[in-house]
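What follows is a single structure, written as structure tokens, with notes after it.
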Amino acid sequence: MVLGKQSIPFAFRAAFACTMAVLTLISSSRSLAGVLAESDIGISSAKDHDRVEIRLGESAVVRVVDEVAEYKRFFIDLYSTEPGFPDRVIPLRNGILRGLQTIAYPDSKVLRIIFHTTGSVPFRVADAETAVPFPATSVSDTGFARLRPTSRHLVVDVSRGGYPLPDLKPVGLRPLRPGGGAKRLVILDPGHGGADPGAKSIVTFGGRKLEEKDVVLSVAREVYRLLNKSPVVTAVMTRDDDREMSLEDRVAFAEKTDGDLFVSIHANSTKYHGRRDARGIEFYYLGETSDPALRQLEMAENLVDRSSLNKSESEHWDLIWKNMVKDNLDMQRPYGLQVANLVNEVFTQDVYFKSYNRGVKSARFRVLMNPVMPSVLVEIGYLDHPREVRNLAQPAFQQRIAKLIANGILEYFSQLDSELEFYQYEMN
Ligand SMILES: [Zn+2]
């Protein structure tokens, strides 16, 4: 079953339609909009408690919408407000909030701030000066009656400990740093391992066929080495030896490690995907399968999961996919695409990969389905292409791929975080 738009729950579509109706109504009634800077949003945490403060413009009007029970999120629409920054996803660690997401509707001068929670936790949005909470509406309730009058300063509390609230020390507005840490954390995931070799070469090297699990491990190790040289990046690996690891374990590792980016490294075979003479690099982010021919590759990369073999394969993936769509996917997917595009861009500066570039695609790889951070999968080349495999077998070529991947990751981080210096490696 291919899941298309029709699989989005009806309630969600209805909600979206209502929301757009409100946005349109409001836009015609107001023209002046205040600009919200990133430094107007601050966050602080205590045990079982997260607090977000938002400093608003004079003309801002607030609407709070509760979707926690359904989608583990609530959001605030700020009318007459424009952001001074692009739409972003801000993962948060160690708290009850999993992350913030901002979406601007410039035509309506509305800024939506979505608060993704870890579960059904109570939240409260209050005016900081009067401490009067804003009633939350459900998304299907529309109309001006639900909008609150102007406030200058909002306090959003999410508390597992319940209310009354613990006394959080006033921290003032501490500007957000996406990811919340001084260092960026990357999880590198060399595919396959142990009894699962992945794709194999046809030609032999020293009497042995080249196996995907070995090539991607050596590339990942080099990316790891390069990234850890940067003072502002930490890299970790899901496996750093020849070990079998289920896809579930890789995803669990990602969730537990709670990084800023997950990069899975694989090598391809025309058996799974592509014409007989296919070669070159390919980048994937999590999404609907962009090409029916990719189903074969999806299955090949997803099949490793032994635990799913007692169920119908497609049923298993469809179920996970549905849950992902419901809960989290909308939060991470745009970032996965952004990373894939940036890494691809770096690769196109290389003479070989400029010629042999198969571009950015989306597919439903199980290993990318973690809700915590953006994820990409790189297929570094075709092990059954007679010329390309000779390159892939060479340590120097593997190091070149690793350097390009590292530079792509550093480029992504530097775009996220202009305050930190992410030096890239020179290509030779
Ligand atoms: Zn693979």
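The values are calculated or read from the model by the stated rules, or taken from the named source; none is laboratory data. From a predicted model like this one, the values you see are computed outputs, not experimental measurements. Counting neighbours? That spans all protein chains shown, and the Cβs are built from the backbone with ideal geometry, glycine included.
Numbers below:
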{"read-out": "Identity of the residue in segment 208-232, aliphatic (A, V, I, L, M) and part of a helix (DSSP H, G or I), that ends up nearest to the ligand (Cβ to nearest atom)", "value": "Val216"}
{"read-out": "Counted residues, segment 270-293 - those being within 13 Å of the ligand (Cβ to nearest atom) and buried (at least 19 other Cβ atoms within 10 Å of the Cβ)", "value": "4"}
{"read-out": "Condition check for Asp242: at pLDDT 90 or above and over 20 Å from the mean Cα position of the chain (by Cα)", "value": "yes"}
{"read-out": "Tabulated pairs, segment 187-200, first farther than 19 Å from Ile401 by Cα and assigned to a strand (DSSP E or B), second within 11 Å of the ligand (Cβ to nearest atom) and not aromatic (Phe, Trp, Tyr), C-beta under 7 angstrom, 6+ apart or interchain", "value": "Gly193/Lys213; Asp196/Lys213; Asp196/Val304"}
{"read-out": "Output for segment 194-207, where each listed residue is more than 20 Å from Arg390 (Cα to Cα) and near the ligand (Cβ under 10 Å from one of its atoms)", "value": "Asp196"}
{"read-out": "Failed condition for Val351, given (1) modelled with pLDDT of 65 or more; (2) under 15 Å from the mean Cα position of the chain (by Cα)", "value": "(2)"}
{"read-out": "Selected residue (only one of Ala235, Ala267, Ala254 is assigned to a strand (DSSP E or B), crowded, with 19+ Cβ neighbours inside 10 Å, more than 12 Å from the ligand (Cβ to nearest atom) and assigned by TED's automatic domain parsing to the domain that holds Tyr382)", "value": "Ala235"}
